Protein chains: 2
Amino acid sequence: MPLKVRKNQSPEPPQPCMLTHCMAVISGAWAANVIWSLRAGPRRFNELRTDIPPISAKVLSTRLTELEERGVLSRNVQPTSPPSVEYALTELGGELVPALEAIVKVGHRLKMRDEG
Amino acid sequence: MPLKVRKNQSPEPPQPCMLTHCMAVISGAWAANVIWSLRAGPRRFNELRTDIPPISAKVLSTRLTELEERGVLSRNVQPTSPPSVEYALTELGGELVPALEAIVKVGHRLKMRDEG
DNA sequence: TTATCGAGTTACCTGAAGGAAACCTGGTCA
DNA sequence: TGACCAGGTTTCCTTCAGGTAACTCGATAA
């Protein structure tokens, strides 16, 4: 007798495609790092580059554009010369920080387990 | 006068590479979906395939192997015939669920904002 | 007038990850 | 004896995200 495919016994499951869609908010190389870097306050383009040394200008630029479009961060041009640009988390973007913190916590403990 | 690169004024910053390392725990196509699917209890290979229709057997297999290696889930062979295999979140893996939930929550609100 | 700066673009190239489809294995039941 | 099952592997092919490096732009300061 073939095994029956069980219904997943969850109360009211947000669809997996919902998850996919939401995870896309932090997708792309270094996206999480950018959010992480902004968690303590606004940063300028070149500051982010030094925060995340391996990121290239191209990818940082792409990622910042995307994250702004997604509503995670805001871009603020300062009228200095040369103009400097500050990036900051939006309110909603800020709510991603605890989630990232949770992942870091688990990741850290997994590492402990592997090494300890 | 060139702008000074500000120190990021965070209390005790876990390094960005720490974040990178931890994010890697849920990296790879559909990894988050697999964890998400397991949050309500153990699932078999083919159940996961129907939970996540677009995933291919190859990628699911790869992902399950990786996630097991990372300590996120456990693999349990049932001595039925043909043998069936149950995957379940480990305790640490389970702790990723609230993080994913947080991301879903924000993603959902961002979507509301876009559409509403 | 030339260099510097911040903040990006542009062009080009590459490799690793992922998709599709076929195949495998050992047991069972019809 | 042949088909079916679960749970994968293997092969092959493609693509596109990301890396490198050079370039842009307008203003200023040396």
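The values are calculated or read from the model by the stated rules, or taken from the named source; none is laboratory data. Being a predicted model, the structure only gives us computed values, none of them experimental. Cβ coordinates were reconstructed from backbone atoms using ideal geometry, including for glycine residues, and neighbour counts include every protein chain displayed. Note: accessible area is taken over every heavy atom of the protein model, side chains too, but ligands, DNA and RNA are not part of it. Shrake-Rupley method; radii C 1.70, N 1.55, O 1.52, S 1.80 Å.
Taken over region B:1-20, the criterion of being more than 16 Å from DNA strand C (Cβ to nearest atom) and at pLDDT below 85 is satisfied by B:GLN9, B:SER10, B:PRO11, B:GLU12, B:PRO13, B:PRO14, B:GLN15, B:PRO16, B:CYS17. Restricting attention to region A:34-81, the residues being of a type in the set (A, V, I, L, M), farther than 30 Å from B:GLU115 by Cα and more than 13 Å from DNA strand C (Cβ to nearest atom) number 1. When region A:29-54 is filtered for residues that are within 24 Å of A:ALA102 (Cα to Cα) and of a type in the set (Val, Ile, Thr), the ones remaining, listed by number, are A:VAL34, A:ILE35, A:ILE52.
Is it fair to say A:VAL25 is open to solvent by less than 80 Å² (accessible area, probe 1.4 Å), within 11 Å of DNA strand D (Cβ to nearest atom) and out of contact with any strand residue (DSSP E or B) (no Cβ under 6 Å at 6 or more places or on another chain)? Spelling it out, it is not the case that A:VAL25 is open to solvent by less than 80 Å² (accessible area, probe 1.4 Å), within 11 Å of DNA strand D (Cβ to nearest atom) and out of contact with any strand residue (DSSP E or B) (no Cβ under 6 Å at 6 or more places or on another chain).
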